[in-house]
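Asks: Have a look at this one before I ask anything.
Rule-based calculations on the coordinates, nothing more; no lab input. Everything numeric here is computed off the predicted structure, so don't read it as measured data. No Cβ is skipped: glycine too gets one built from the backbone with ideal geometry, and neighbour counts run over all protein chains shown.
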Amino acid sequence: MDLSFRECNISDLDTLVNISKDTFVVAFEKDNDPDDFQDYIQKAFSSEKLEKELKNPNSIFYFVHDAKTLVGYFKLNIGNAQTDVHDEHSIELERIYVVQEYQGKKIGAQMLAKILDLGRKHDKGFLWLGVWEHNPKAIRFYQRQGFQKFGEHPYYIGKDKQTDWLLRLDL
């Protein structure tokens with residue numbers, strides 16, 4: 001699969017809202033309280049919130065295409081846009097999602113290779129991310145790529161306090 005990567009801009013807002021909601025729902029809706037989940041979706045992926053994130057110069061969204069088909073997206077944070085680690089030598093992978101129909105095709109690995117390349121181009125020393133402790137498939141994926149656990153942090157879906165593992169990969 002020959003993927004292309006394109007940095008998002010404000011004209012991509014509607015598409016970004018849709019793919020953000022769709023991929024998150026597929027990934028996590030079944031494992032969460034419906035009311036908490038809907039509350040979270042409406043806040044985390046609202047047009048207003050994503051527009052603000054798109055306009056932040058320290059947050060970068062990329063769309064991933066196979067030919068002309070949108071198959072995924074990711075979001076990187078540097079500097080003060082990072083959610084936990086605020087090290088000038090770090091870059092955060094806050095979101096990485098592949099559309100359900102394209103999962104299992106090694107797209108995530110290709111996306112991660114691009115992300116590592118971007119981290120190096122930004123002259124960062126390490127990439128870090130948070131992954132839900134009850135997402136063993138994602139944890140195994142990151143561990144196979146060389147990520148190591150270095151901590152935990154709370155993550156709220158509505159009122160439900162969950163735990164994310166913090167994983168790190170030196171660049």
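Asks: Mind checking the stretch 93-171 for GluC sites (Glu not before Pro) that DSSP puts in a loop (not H, G, I, E or B) and that have at most 16 other Cβ atoms within 10 Å?
Replies: Listed in order of number, the matching sites are Glu133.
Asks: Do you know the relative contact order of the chain, to the nearest whole percent, from alpha carbon pairs under 8 angstrom that are 6+ apart?
Replies: Relative contact order comes out at 20 percent.
Asks: What spacing in nm lies between the two simple spin-label points modelled at Thr163 and Asp84, each 7 Å away from Cα in the Cβ direction?
Replies: If labels sit at Thr163 and Asp84, their model points lie 1.2 nm apart.
Asks: Taking a 27 Å limit on the Cα-Cα distance, which of the listed pairs Lys75/Lys137; Lys43/Lys68; Lys55/Lys105 fall beyond it?
Replies: Lys43/Lys68; Lys55/Lys105
Asks: Please report, to one decimal in angstroms, the Kirkwood hydrodynamic radius of the chain built from all distinct Cα-Cα pairs.
Replies: About 16.5 Å for the chain.
Asks: Looking at the stretch 57-146, which trypsin sites (Lys or Arg not before Pro) are in a loop (DSSP not H, G, I, E or B) and have at most 16 other Cβ atoms within 10 Å?
Replies: Lys68, Lys105, Lys106
Asks: Okay, next question. Want the number for Thr69 to Gln100: 0.36 nm per residue separation, take away the alpha-carbon distance, what's left?
Replies: Full-extension gain reported as 9.9 nm.
Asks: For the chain, what is the calculated [θ] at 222 nm in deg cm²/dmol (nearest 500), taking -39500 (n - 2.57) for each run of four or more DSSP H residues and dividing by its residue count?
Replies: -11000 deg cm²/dmol
Asks: Pick out, from Phe37, Ser47, Ile10, the residue whose Cα sits farthest towards the positive end of the charge dipole of the stretch 1-59, with +1 on the Cβ of Lys and Arg and -1 on the Cβ of Asp and Glu.
Replies: Highest projection toward the positive end goes to Ile10.
Asks: Moving on to the next point. In terms of Cα to Cα distance under 12 Å, which aspartates and glutamates are near enough to Lys159, apart from those fewer than 8 places away along the same chain?
Replies: Asp33, Asp35, Asp36, Asp39
Asks: Explain nothing, just the number: dipole magnitude of the chain about its Cα centre with +1 on each Lys and Arg Cβ and -1 on each Asp and Glu Cβ, in debye rounded to the nearest 20.
Replies: It comes to approximately 560 debye.
Asks: Between the alpha-carbon centers of the stretch 86-159 and the stretch 11-44, tell me the distance in whole angstrom.
Replies: That distance is 18 Å.
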